[in-house]
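Enquirer: The following block contains the structure, expressed as structure tokens.
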Amino acid sequence: MDSALPLSSAESSSSTQQASQPLHGQQDTAAPMEVEVTLTPAPAAAAAPVPAAAIWRPRYSGTVERTFRQFTYRRVALIRAVTQDEKVLFRKCNPRMEPLCLYGNTNGSWEVLPPKLFAPSGQPEPKLGINLVREKMRRLNWLQYISGHSDAWLIRISFFHAADLEARERQRLFSMISMLPTVQETFITSETYRRIRDQENMIDESKDEDEGCGSYPTVCARCGDRYHANGFWVRCTLCKCWSHGKCVKVKFFQEEVIRNFECPECCAEKRGYD
């Protein structure tokens with residue numbers, strides 16, 4: 001049995017080409033096959049229903065606790081305005097100025113400003129014009145008037161921010177607010193209320209005893225003490241309020257100063273809101 005000799009690389013390549021070519025007189029009947037592949041997309045999975053509790057709702061950024069905390073800060077500020085700071089409030093509410101509002105801020109401070117300088121569009125505003133009725137009411141009644149309207153504004157602005165809360169959350173917020181005394185209740189039980197009430201009662205009792213009152217005041221706009229016939233008083237040419245000469249550091253012989261006197265509060269209002 002003869003052993004096969006190995007072919008060289010050239011011979012191997014030639015034999016391969018000959019084998020791949022058809023023989024003479026023979027047609028190549030084997031045509032290449034074209035296979036058309038159609039890709040059918042997989043059916044989309046049905047979307048699972050989203051539970052109602054998981055649907056996102058646009059809400060106010062705060063919660064019940066945050067809204068209640070803002071309510072308490074505003075409330076404390078308004079209580080301080082009608083009790084500890086009632087003299088400052090009285091001076092800031094100049095009846096000769098445009099209508100003003102008393103605002104309680106969420107940082108615990110209070111302000112007396114026109115509404116256009118403070119409240120954003122659509123936000124509930126406090127009672128407008130508290131300065132215009134200052135001279136038409138006794139101070140005690142005036143402070144009670146402000147206290148009642150402050151309570152109403154606190155409720156309005158709190159539920160303005162709580163409008164997007166759930167019904168149960170709003171009910172819980174109202175219960176938390178109702179547990180606190182109102183601004184008016186706190187004012188009526190305060191030492192400020194008792195002090196002003198006693199002063200006004202004393203004035204009523206001594207009206208007939210005061211000599212030479214005429215068009216003079218019964219209470220000093222600075223210190224709150226009642227009028228005495230032997231005292232020296234000066235009247236502000238702007239707000240028409242009377243003050244003790246010693247309270248505004250004016251002497252009785254300063255005629256030019258008395259004729260054109262402007263109280264410190266009106267001077268401050270000229271420079272802007274202090």
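None of the figures in this text is laboratory data; all of them are computed from the coordinates on show. These numbers come from a predicted model, not from an experiment. So basically every Cβ, Gly included, is an ideal-geometry build from the backbone, and we count neighbours across all protein chains shown.
Enquirer: Filter the cross-link list Lys136/Lys251; Lys92/Lys240; Lys87/Lys251; Lys92/Lys246; Lys87/Lys240; Lys136/Lys246 down to pairs whose alpha-carbon distance in this structure exceeds 19 Å.
Expert: Going by Cα-Cα distance, Lys136/Lys251; Lys87/Lys251; Lys92/Lys246; Lys136/Lys246 fall outside the 19 Å limit.
Enquirer: Based on the mean of other beta carbon atoms within 10 Å per residue, what is the order of 164-174, 235-245, most packed first?
Expert: The packing order, highest mean first, is 235-245, 164-174.
Enquirer: Size of the dipole of the stretch 63-202 about the Cα centre, Lys and Arg at +1 and Asp and Glu at -1 on the beta carbon, nothing else charged, in debye to 20?
Expert: That gives the stretch 63-202 a dipole magnitude of about 260 debye.
Enquirer: Figure the gain on full extension for Asp225 and Leu113 (residue separation times 0.36 nm, minus the Cα-Cα span) and round it to one decimal in nm.
Expert: That pair, Asp225 and Leu113, stretches by 37.5 nm at full extension.
Enquirer: Additional query: FRET efficiency for Arg66 and Cys267, Cβ-Cβ distance as r, R0 = 30 Å, nearest 0.05?
Expert: Details: r = 41 Å, r/R0 = 1.36.
The calculated FRET efficiency here is 0.15.
Enquirer: What shape does the stretch 116-198 have by the C-alpha gyration tensor, where a ≥ b ≥ c are the square roots of the eigenvalues, rounded means a/c under 1.5, and otherwise prolate means a/b greater than b/c and oblate the rest?
Expert: Oblate is the answer for the stretch 116-198, as a/c is 1.5 or above yet b/c matches or exceeds a/b.
Enquirer: At what distance in nm do the modelled label points of Tyr73 and Arg172 sit from each other, each positioned 7 Å from its Cα along Cα→Cβ?
Expert: 2.1 nm
Enquirer: Suppose R0 equals 30 Å; then what is the FRET efficiency for Leu238 and Ile155 from their Cβ-Cβ distance, rounded to the nearest 0.05? Display every interim value, and only then the final one.
Expert: Numbers: r = 36 Å, r/R0 = 1.20.
The calculated FRET efficiency here is 0.25.
Enquirer: By how many nm would the segment from Thr189 to Glu125 lengthen if fully extended, with 0.36 nm per residue of separation less the alpha-carbon distance?
Expert: Working: separation 64, 0.36 × 64 = 23.04 nm, distance 2.65 nm.
Extra length available between Thr189 and Glu125 comes to 20.4 nm.
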